[in-house]
Amino acid sequence: MDPKHNRKPFVGGNLKMNGSRAMLKEIIDRLNPLKFDDYVEVAIAPPSIFLDLAHRSVRKGVNVAAQNAFNCTKGAYTGEVSPEQLKDLGIDWVILGHSERREIFKESDELVASKVGHALKSNMKVIACIGEKLEERESEKTEEVVIRQLQAIAVKVDDWKNVVIAYEPVWAIGTGKVATPQQAQDVHLIIRDWLAKNISEKVAQDTRIIYGGSVKGTNSAELAKQFDVDGFLVGGASLTEDFIKIIECFIPSEN
Ligand code: PEP
């Protein structure tokens, strides 16, 4: 548990459309020996074609997540994968609502929410991503946008214990421009306050809110000190040894 409170930190590695079987093996070979289980929950999200290989290669205690899942069980949806199929493979986690899905693939708040609802009903655990674009931050619409996205998702959630919220400002994703610890903390607190007022105090206290956007080994420790930052969703750095450093910032140094 994080000594700040009773939420176990969560670190996810989003490999996006990167890597090969050889690269995945390198990533998993770095992760498997690491003793983090008492301190932090870890998931890696490889491209869907590597999910089965990843699932068979990770040790118990390292989670594997899909980067997407559709909102139907089966049928004529060429190119899509359902939560039920992921569960059949042994995959328990899925990232939904990533800004690249929202932007490039035009996923609306409603579609994201419906995917979250279907994945949860299929007994998957969801990393639900929300976050504002640069122009929205600059026009002081951060809170409005993040809460609009959260509200859409919340309608579909019955049990928050299977949800991790990833606050990922779009201007920080893949740009090298990380949010300051204070910027991250401010938005995480807005999200937690919203959960307290609109869902329940318990859900607000128990739900992990993780930060994503240019997290690296050099900036993760400062971000992790923030009271409402419960871990990270890591893109680029999850492909490198830096991912281990990011996880290690949640492991007490005597270990
Ligand atoms: C992400 O893709 O979720 C992400 C945070 O990417 P990066 O760490 O590369 O900014």
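The values are calculated or read from the model by the stated rules, or taken from the named source; none is laboratory data. Predicted model only: the values in this text are computed from it and were never measured. So basically every Cβ, Gly included, is an ideal-geometry build from the backbone, and we count neighbours across all protein chains shown. Accessible surface areas use protein heavy atoms only, side chains included; no ligands, DNA or RNA. Shrake-Rupley method; radii C 1.70, N 1.55, O 1.52, S 1.80 Å.
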Across the stretch 111-125, what is the number of residues that are open to solvent by less than 10 Å² (accessible area, probe 1.4 Å) and touching a strand residue (DSSP E or B) at 6+ places or on another chain (Cβ under 7 Å)? 5
Would you check if residue 163 is under 18 Å from the mean Cα position of the chain (by Cα), under 30 Å from residue 17 (Cα atoms) and not acidic (Asp, Glu)? yes
Subset of the stretch 72-115 that is under 21 Å from residue 49 (Cα atoms) and among the β-branched types (Val, Ile, Thr) - its residue that is nearest to the chain's Cα centre (by Cα): 95
Away from the ligand (no atom under 13 Å from the Cβ) and not in a helix (DSSP H, G or I): does that describe residue 215? no
Given (1) open to solvent by 10 Å² or more (accessible area, probe 1.4 Å); (2) more than 16 Å from the ligand (Cβ to nearest atom); (3) under 24 Å from residue 125 (Cα atoms); (4) out of contact with any strand residue (DSSP E or B) (no Cβ under 8 Å at 6 or more places or on another chain), residue 170 misses just (2)
So, in the stretch 213-223, how many residues would count as being open to solvent by 10 Å² or more (accessible area, probe 1.4 Å) and either touching a Lys or Arg at 6+ places or on another chain (Cβ under 7 Å) or of a type in the set (Gly, Ala, Ser) (or both)? 3
Based on this model, can you work out whether residue 200 counts as without any contact (Cβ under 8 Å) to a residue 40 or more places away in the chain, open to solvent by 30 Å² or more (accessible area, probe 1.4 Å), closer than 30 Å to residue 24 by Cα and more than 15 Å from the ligand (Cβ to nearest atom)? no
Looking at the stretch 92-104 only, could you name the residues that are over 16 Å from residue 174 (Cβ atoms) and surrounded by fewer than 24 Cβ atoms within 10 Å (Cβ to Cβ)? 92, 93
Would you check which residues across the stretch 38-65 are open to solvent by 60 Å² or more (accessible area, probe 1.4 Å) and of a type in the set (Ser, Thr, Tyr) and list them? 48
Working carefully through the options 229, 187, 164, find the one that is touching a residue at least 24 places away in the same chain (Cβ under 8 Å), part of a loop (DSSP other than H, G, I, E, B) and in contact with a strand residue (DSSP E or B) (Cβ under 9 Å, 6 or more places away or on another chain). 229
Return the residues of the stretch 83-102 that are among the small types (Gly, Ala, Ser) and farther than 14 Å from residue 116 by Cα; say none if nothing qualifies. 90, 99
Considering the stretch 1-25, residues that are at pLDDT 95 or above and more than 21 Å from residue 93 (Cβ to Cβ), and then whichever is surrounded by the most Cβ atoms within 10 Å (Cβ to Cβ), we arrive at 20
